[in-house]
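Working notes, beginning with the structure itself.
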Amino acid sequence: MLEIRSARKVFYKGQADEKIALDGLSLLLATGEFGIVIGSNGAGKSSMLNAISGALILDSGQILINGADVTGMPVHKRAARLARVFQDPMRGTAASMTVAENMLLADLRSSKRTLRQGLNATRLASYRERLSILGLGLENRLDTRVDLLSGGQRQSLSLIMAVGGSPDLLLLDEHTAALDPRTAEIVMQATVRAVSALKLTTLMVTHNMQHAVDYGSRVIMLDAGRVLLEVSGEEKARVTVIDLIGHFSVKTDRMLLAS
Amino acid sequence: MGFVQDVLASFVAIMPVTLAQSLILAFVVLGIMIPFRMLNFPDLTSEGAFPLGGCVCGVLLAAGASPLMGIAAALVVGFAAGCCTAFIHLRFRIHTLLAGILMMTMLYSINLRIMGKSNLSVFGSPTVFDWVPFARPGFPASKIVVAGLLALIAFMLLYMFFRTEKGTAVRAVGANPDMAEAQGINVWAATIGGVGLASAFSASSGALMVQSQGFADVNMGLGILINGLAALMIGEAVVGKQTVWRQLLAPFAGAIIYYQLVSFCLAAGMPPPDLKLATGLFVLAMLALPSLKRSRGPAPAREAIRE
């Protein structure tokens with residue numbers, strides 16, 4: 001379960017270019033729920049994700065994961081509870097290390113690292129098995145350096161790394177946006193399979209309205225640092241791309257009037 | 001012909017001495033490689049940590065402490081110096097190179113304070129090199145055995161460490177700090193510990209050098225960094241850096257080859273004052289090589305100018 005209580009974050013406070021990134025944003029995502037976050041650029045999607053992951057420290061407000069207050073926790077401590085896939089495939093993996101070593105790093109995300117040997121036969125076998133689900137042949141390239149993989153392969157690896165160990169919360173930050181349509185589809189299908197199989201509480205940011213319609217149990221639209229619209233349940237099942245875009249245009253009109 | 005024979009004869013004559021020296025200095029090269037390659041933290045602390053270890057060891061030897069005690073103390077103070085550099089970088093967001101320059105500048109005064117004077121003779125004090133039973137004291141063979149053994153131990157321990165769960169995490173911090181943090185790795189702890197460890201190696205090299213040469217000098221670190229870097233470049237060119245094994249082997253192989261090269265140049269009659277220029281040019285060439293190989297590099301700029 002994820003709970004955000006009136007989160008507020010202002011950049012460049014008191015200066016001419018002051019920017020309110022999060023304006024008292026509140027959100028409740030029940031355990032096992034798959035939330036899709038949409039909104040125009042600058043609506044606060046990235047700020048919200050960064051605030052949840054700990055990369056952004058809030059001015060005020062609270063963030064709770066499974067009831068535990070993580071507001072003051074640094075990124076590496078929160079990592080025990082949440083996993084994140086970034087938009088940029090380069091950010092989620094260690095390029096100069098092998099596929100197996102990257103899997104190991106993710107494997108130990110929530111446990112204490114010891115002075116025992118990292119990669120052993122048991123672990124390698126389990127990594128091979130987990131990677132084979134993708135059907136990209138990564139299971140045969142465990143000793144390949146990650147910088148030799150394609151963007152799609154790297155992103156698929158990031159996904160497998162993130163869902164391993166069933167995190168309390170999975171954050172997907174436009175994780176298919178940098179991929180070609182076919183690879184994006186592979187990664188998206190793998191995501192949906194993993195999320196439903198492991199019943200992960202997931203928050204996915206996307207600009208793809210079709211994804212917002214097709215997947216997830218709830219659509220959350222952000223605008224100017226707060227939740228503008230939430231669609232869930234039966235309403236979510238009926239919602240169309242046109243409905244969602246309609247809400248964008250309302251905002252665009254307002255922006256036009258304001259300017 | 002006579003010249004070539006003379007050069008070769010004097011080169012071969014000093015080969016064992018050079019080998020002993022290079023095995024001792026290999027620890028500095030190791031102390032440069034770990035932050036540079038494993039942590040992606042180009043670090044200059046070794047230029048101050050090397051004499052720091054030497055001065056601390058010198059003072060302890062002069063006070064009658066055991067040579068092992070001197071090395072242990074050097075490891076501790078070296079570790080502290082490296083931790084300071086890493087902390088300066090992390091806390092105040094000062095560039096790693098500048099943090100290193102600050103640290104080595106401050107260490108110069110600290111080294112002078114520790115010794116109370118600019119150099120200190122410890123000739124005749126017991127050293128770790130006396131413990132080799134079959135070799136005559138003072139002969140390079142004992143130095144080669146002891147320093148070689150220590151190098152082997154350091155290599156094996158580091159190799160084992162970088163394959164552990166913790167060691168893999170440290171390498172991840174160098175490869176991609178954002179990702180490492182997102183995977184629950186404490187980037188601060190890994191960086192401070194890693195740079196500290198590297199400086200501890202540099203300082204232990206200083207301590208060994210003092211025991212080997214019989215005196216400590218605050219200026220003993222002058223130019224050690226560029227020598228170490230040159231050795232590292234040679235080592236990486238020879239043994240490569242694709243795997244942890246090769247990357248760890250490079251400092252040792254590089255130190256041995258580099259100091260033999262230097263001794264060859266000196267034997268061939270190169271004036272010692274020119275050595276730094278030659279070393280600098282060599283490091284420059286090694287660093288510039290990748291961009292020279294990319295033949296397309298300068299072409300667009302020329303075309304842009306032509307337009």
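Every read-out reported here was derived from the displayed coordinates using simple, explicitly stated rules and does not represent laboratory data. Owing to the predicted nature of the structure, the values given are computational and were not obtained by experimental measurement. Positions of Cβ are generated from backbone atoms using ideal geometry, with glycine treated the same way; all protein chains shown enter the neighbour counts.
The simple Förster model, with R0 at 30 Å and r as the Cβ-Cβ distance, assigns A:LEU28 and B:ALA189 a FRET efficiency of 0.30.
3J(HN,Hα) along the range B:51-67, derived from phi through the Karplus expression 6.51 cos²θ - 1.76 cosθ + 1.60 where θ = phi - 60°, amounts to x, 4, x, x, 5, 4, 5, x, 4, 5, 4, 4, 7, x, 6, 6, x Hz, with x in place of Gly and Pro. A cut-off of 5 Å between modelled amide H atoms, ignoring neighbours fewer than 5 places along the same chain, links A:VAL227 with A:SER26. Multiplying the residue separation of A:LYS19 and A:LEU198 by 0.36 nm and removing their Cα-Cα distance gives an extension gain of 60.6 nm.
Along the Cα-to-C-beta direction of A:ALA95, a point sits 7 Å from the Cα; which residues of the range A:127-149 have their amide N less than 17 Å from that point? Inside the label zone: A:144-149. With the simple model of a label 7 Å out from the Cα in the direction of the Cβ, B:LYS276 to B:LEU97 spans 1.8 nm. With bins 10 Å wide starting at 0, give me the P(r) of the range B:64-132 over every alpha carbon pair, in whole percents. Pairs per bin, as whole percents: 17, 37, 28, 15, 3. Which loop-located chymotrypsin sites (Phe, Trp or Tyr not before Pro) does the range A:1-90 contain, where loop means any DSSP state but H, G, I, E or B and the Cβ has at most 11 other Cβ atoms within 10 Å? The qualifying sites are A:TYR12.
With an a/c value of 1.5 or above and a/b larger than b/c for the gyration tensor axes a ≥ b ≥ c computed over the alpha-carbon atoms, the protein assembly as shown is described as prolate.
Between A:ILE242 and A:SER126, the modelled label-to-label distance comes to 5.0 nm, taking each label 7 Å out from Cα in the direction of the beta carbon. Using Cα springs under 10 Å in a Gaussian network model of chain B, which residue among B:PHE252, B:PHE161, B:PHE79 shows the largest mean-square fluctuation? Sorting by GNM fluctuation, first place goes to B:PHE161. Decide, for the range B:86-229, between rounded, prolate and oblate: order the square roots of the alpha carbon gyration tensor eigenvalues as a ≥ b ≥ c, take rounded if a/c falls under 1.5, and otherwise choose prolate if a/b is larger than b/c, else oblate. Judged from the Cα gyration tensor, the range B:86-229 comes out oblate (a/c at least 1.5, b/c at or above a/b).
Taking label positions 7 Å along the Cα-Cβ direction at both B:GLN260 and A:SER166, the computed distance is 5.9 nm, reported to one decimal. A:VAL10 label point, 7 Å along Cα→Cβ, cut-off 17 Å on backbone N: hits in the range A:211-244? Only A:224-226 fall inside the zone, counting backbone N under 17 Å. The alpha carbons of the range B:2-270 give a radius of gyration and a Dmax of 18.5, 66 Å, in that order. Amide H to amide H distances under 5 Å link A:MET204 with A:GLY35, A:ILE36, A:VAL37, A:LEU172, where only residues 5 or more positions off or on other chains count and H is placed in the peptide plane. With the cut-off at 1.5 for a/c, could you classify the range A:60-213 from its C-alpha gyration tensor as rounded, prolate or oblate? It comes out oblate by the Cα gyration axes.
Between B:VAL12 and B:LEU149, take the C-beta separation as r, use R0 = 30 Å, and let me know the FRET efficiency to the nearest 0.05. E between B:VAL12 and B:LEU149, to the nearest 0.05, is 0.80. Cβ crowding within 10 Å ranks B:ASP217, B:ASP6 as B:ASP6, B:ASP217, fewest other Cβ atoms first. Our coupling estimate for the range A:98-105, obtained by passing each phi through the Karplus curve with A = 6.51, B = -1.76, C = 1.60 and θ = phi - 60°, is 7, 4, 5, 5, 5, 4, 4, 4 Hz, Gly and Pro reported as x. Starting from the Cα of A:SER40, move 7 Å in the Cα-to-Cβ direction to define the label point; list residues of the range A:208-242 whose amide nitrogen is under 13 Å from there. It comes to A:222-225, nothing else. Cβ crowding within 10 Å, taken as a proxy for footprinting-reagent exposure, orders B:VAL76, B:VAL29, B:VAL170 from fewest neighbours to most as B:VAL76, B:VAL170, B:VAL29.
In order along the range A:191-198, the phi-based Karplus estimate (6.51 cos²θ - 1.76 cosθ + 1.60, θ = phi - 60°) of 3J(HN,Hα) comes to 4, 4, 4, 5, 4, 6, 5, 9 Hz; Gly and Pro are listed as x.
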